[in-house]
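**Student:** This structure is in structure tokens; I'll ask about it shortly.
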Amino acid sequence: MRNLLTILVLLVTGLGFSQVQDPVKWKSSIEKISDTEYQIKLDAILEGEWHMYSQFTPADGPQPMEFTYNNAEGNYEPQGKAKESEYQKQFNDIFEVDEYYFAKEAHFTHNIKITNPDVQNIQLDVFYQACTDMCISFNKYFVFDLKSLTSKEVQNFEDLAVSSNNDTKAKTDVVNENTKTSSKTDDRSIWGIFIWSFLGGFAALLTPCVFPMIPMTVSFFTKQSKSRAKGIKNAIIYGLSIIVIYVVLGLIVTKIFGADALNALSTNVWFNIIFFGILIVFAASFLGAFEIMLPNSWANKVDKQADRGGLIGIFFMALALAIVSFSCTGPIVGTLLVEAAAKGGTAPLIGMFGFSLALALPFMLFAMFPGWLNSMPRSGGWMNTVKVSLGFLELALAFKFLSNADLVLQKHLLEREIFLAIWIAVFAAWAIYLFGKIQLPHDSKIEKISVGRLFMALLVSTFTIYLIPGLWGAPLKLISGFPPPMTYSESPYGVGGSGGNSGVSLSEIPEGAKEGPHGIVAFLDYEKGMAYAKENNKPVLLDFTGFACVNCRKMEEHVWSETNVLNLLKNDVVLISLYVDDKQALPENEQYVSETTGKKIKTIGNKWSDFQIEKYQANAQPYYIVLDHEGNSLNTPVGYTPDVAEYETWLKEGITKYSK
């Protein structure tokens, strides 16, 4: 019991520390050589397959390491370049030069000559890239005390009671602001994933593969155990084992693909097309076309292990449940993992924790309160109704992934009207099924429908009717972010111009701009937008967005559409929208290798994504910054902010600071 709890606590608490950590660990020291000369020593240990580049890497290659002394002027003189331990050399096909890099460990020494006897310390800023399949830039700040001959790593030099470099302060402030914003957005996203996954686990609980197992399993633990306390304990261990199994599955998915790779996949065309196909298969399975099952040999082997008894036996009982119930839980787990993969980071872990918690709780609760079993509904045809209903939901969700691929490619094959027509057909068929007018392969013959099923049929029918006006331009805020935006349709302003957007005359749209959501003029090029803002003496709202970004569409349709916010966006700022998933190729002469990531920048989306990472140390969308004409942030950038009043206050704050 204790071991299982320990594993679970480690897995769950690890979710809270999911941000990318520096894979390089540093040790620093200083040694006095003479009255005017000191030697600084730095030792770096690199994790796993990570490596970082030497100071002497050729200029046309990856970003070399840099040593910057922030209080050197008038105080001391670094003696040449820092000396390095032996580095490795390898030809880089991308840069077509030799690259010099360190793997496993690196050691540096640098002699410093003191010119001001009153100087108290030496402040060193080390910039470097740590790379595996991707490259991440880091800064480390070290302070070497000349009196005590001690050293320490600091968060920023402003923490010291000494003069500091203004550039370092600006850089540190930007990083801190972005970290706060990213953390706030991540918290919302994580809670959303957890809630939906918990609901998915509850839905799986009601399927024919899982629901009948609850009374059987609980009865086994309560009757086979020597005491009621022992039975409760075994049931709790069983529930915790279920959680561990699914959380480990999420951990495996995250480890195989990598947190950042999963995030990058969300706008990948092939990722979305492949998972469209997978969800269609899942939907067909739930609707009764066939069963998706793991090999029987797996279940037999696990079942034998379950006979061993004790903690190990209980764990294998939980594993047997996961395998046997796969035909019902597999499509739900697969869908949750796909959605979580699109979010990136540790979302697969969060998702599997929420799913497994909902699945495990009934086994534990009914063991503690066995009298509740008498109030459970009996198994029956209603469980297949739940399964088929999940199939209709899977089918509707599948087209969201196909829509993402179309939006990224901008092919206009699945525009808003077609998407809505498909959803109306799917939900209408679901409603007709719930009314008992359609029967599928595994359904029992229905003579009358239950009150609960009738209410569900009415709810789905209501939702279907709600969707219909969307074909004529209704905004459909209830599902904002799922269908393509209003601008991606055959009739951007609705039939007869009655939709949610108010059109802008072509003569009113400046060069380099387009008509954005709700008739807002939006520049797609940073330089042209900044020039226009300067010419018209307005601040800039810089909007990092994406064609396939669900939260971006939610912001545009829920927040930007509100009268007060819309007036500010139309009249008081110049909007620059930079799409990080735009696959349009850059001209050959504009392609380059990123100094931040070391990757080749080939598309417009690559360019704006690299710009966001390099300038703002952020790569999530949506991401909003209010700027002056020199590109300086006027207030703290924000991400997904669904609260209209909060976003309006933030926007006004930036505009007011510009006016001053």
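**Student:** Output the peptides 350-362, 394-406, 454-466, 517-529 sorted from most to least packed, where packing is the average of other Cβ atoms within 10 Å over each peptide's residues. Can you show the working numbers first?
**Tutor:** Numbers: 350-362: 25.2, 394-406: 22.6, 454-466: 15.5, 517-529: 19.5.
By packing density, highest mean first, the sequence is 350-362, 394-406, 517-529, 454-466.
**Student:** Determine ³J(HN,Hα), in whole Hz, for all residues of the range 512-519 in sequence, where each value follows from phi through the Karplus function 6.51 cos²θ - 1.76 cosθ + 1.60 and θ = phi - 60°; x replaces Gly and Pro.
**Tutor:** 3J(HN,Hα) across the range 512-519, in whole Hz: x, 10, 9, 7, x, x, 6, x.
**Student:** Between Ala284 and Glu562, what is the label-point separation in nm under the 7 Å Cα-to-beta-carbon projection?
**Tutor:** Here the modelled spin labels are 4.5 nm apart.
**Student:** At what distance in nm do the modelled label points of Trp472 and Thr150 sit from each other, each positioned 7 Å from its Cα along Cα→Cβ?
**Tutor:** 7.6
**Student:** Also, I was wondering about something else. Using 5 Å bins from zero, what percent of all Cα-Cα pairs in the range 553-660 falls into each bin?
**Tutor:** Bins of 5 Å from zero give 2, 11, 19, 21, 17, 14, 9, 6, 1 percent of pairs.
**Student:** Sticking with this structure for a sec: Which order, highest average first, do 97-103, 239-245 follow once you tally other Cβ atoms within 10 Å for each residue and take the mean per peptide?
**Tutor:** 239-245, 97-103
**Student:** Quick one: which of Lys400/Lys477; Lys411/Lys600; Lys514/Lys583; Lys140/Lys602 span more than 20 angstrom between C-alpha atoms? Can you show the working numbers first?
**Tutor:** Numbers: Lys400/Lys477 16 Å; Lys411/Lys600 25 Å; Lys514/Lys583 18 Å; Lys140/Lys602 30 Å.
Over 20 Å apart, Cα to Cα: Lys411/Lys600; Lys140/Lys602.
**Student:** Once you have the Cα-Cα distance between Asp22 and Asp443, take 0.36 nm times their residue separation minus that, and quote the gain in nm to one decimal.
**Tutor:** On the way: separation 421, 0.36 × 421 = 151.56 nm, distance 5.48 nm.
Length gained between Asp22 and Asp443: 146.1 nm.
**Student:** Pull out a ≥ b ≥ c, the square roots of the eigenvalues of the alpha-carbon gyration tensor of the range 605-660, then state rounded if a/c is under 1.5, prolate if not and a/b is larger than b/c, and oblate in the remaining case.
**Tutor:** Verdict is oblate for the range 605-660.
**Student:** Moving to a separate point now. Could you work out what % of the accessible surface of the range 527-588 is carbon and sulfur, using a 1.4 angstrom probe and leaving DNA, RNA and ligands out of the count? List each step's numbers first, then the result.
**Tutor:** Numbers: 1020 of 2450 Å².
Result for the range 527-588: 41 percent of the exposed heavy-atom area is carbon or sulfur.
**Student:** Students often check this: by mean Cβ neighbours within 10 Å, which of 626-639, 439-452, 549-562 ranks highest, and how do the rest follow? Please report the intermediate quantities before stating the final value.
**Tutor:** Details: 626-639: 18.0, 439-452: 11.4, 549-562: 21.6.
Result, highest mean first: 549-562, 626-639, 439-452.
**Student:** Let me ask you something else. Using the heavy atoms of the protein chains alone and a 1.4 angstrom probe, what is the accessible area of the range 353-453 per residue in square angstrom? Before the final figure, lay out each step's value.
**Tutor:** Values: 4650 Å² over 101 residues.
Per-residue accessible area for the range 353-453 comes out at 46 Å².
**Student:** Could you order Ile237, Ile604 so the one with the most accessible surface comes first? Probe is 1.4 Å.
**Tutor:** So, going from the largest accessible area down, we get Ile604, Ile237.
The values are calculated or read from the model by the stated rules, or taken from the named source; none is laboratory data. Just so you know, these numbers come straight off a predicted model, no measurement behind them. Because the Cβ atoms are built from the backbone with ideal geometry, glycine has one as well, and the counts that use them run over all protein chains shown. Accessible surface is based on the protein model in full, side chains and every heavy atom, while ligands, DNA and RNA are left aside. Shrake-Rupley method; radii C 1.70, N 1.55, O 1.52, S 1.80 Å.
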